[in-house]
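Down below is the structure, laid out as structure tokens.
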Amino acid sequence: MIHRGCLMLCLGLAASSIACSKTGLVPIQGEVKFADGQPLSNGRVVLHNRNPKAEVSSWGLIHPDGSFTLGTFDVDDGVPPGRYQVSIQNAESLPPADWGDRVFQAQPLIHPRFSDPEQSELIFEVPGNSSHWQITVQPPADR
């Protein structure tokens, strides 16, 4: 009986620490577009905390219209305030819906530097209140 009580206490403490860690998240939404205004139609916006001791990461899916909403512990729950390097991941062409089982060779939609947070030159500050980001990317050099 004591073991069950300890287990329940530990589970309760773990749940409360997770709930507490979710407080203070800031809603962040935005769009990823090319310089000509066309939206980037898929991929992920990934935040890389500049604090090496940070234990969480935040990211959001890019929708066909280029919009995204960032989340940390859950989809679109927000981001802890701070300064972040940003990268764009998995921004590749998708096969047509009727492609079937044929082999499809995905092509990059953006310049490769945007996939590397050190080279993307995308740095954003998450303030203490909600924010809307505009991210501009470039196509691959061969396009």
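The values are calculated or read from the model by the stated rules, or taken from the named source; none is laboratory data. Just so it is clear, the model here is predicted, and its values are computed rather than measured. So basically every Cβ, Gly included, is an ideal-geometry build from the backbone, and we count neighbours across all protein chains shown. Accessible surface areas use protein heavy atoms only, side chains included; no ligands, DNA or RNA. Shrake-Rupley method; radii C 1.70, N 1.55, O 1.52, S 1.80 Å.
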Simple spin-label estimate for Ala97 and Asp76 in nanometres, 7 Å along Cα-Cβ: 2.2 nm
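Would you mind getting the accessible area per residue of the stretch 74-122, heavy atoms of the protein chains only, 1.4 Å probe, in Å²?
On the way: 3140 Å² over 49 residues.
Per residue, the stretch 74-122 has 64 Å² of solvent-accessible surface.
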Tell me the carbon and sulfur percent of the accessible area for the stretch 60-143, rounded to whole percent, probe radius 1.4 Å. 50 percent
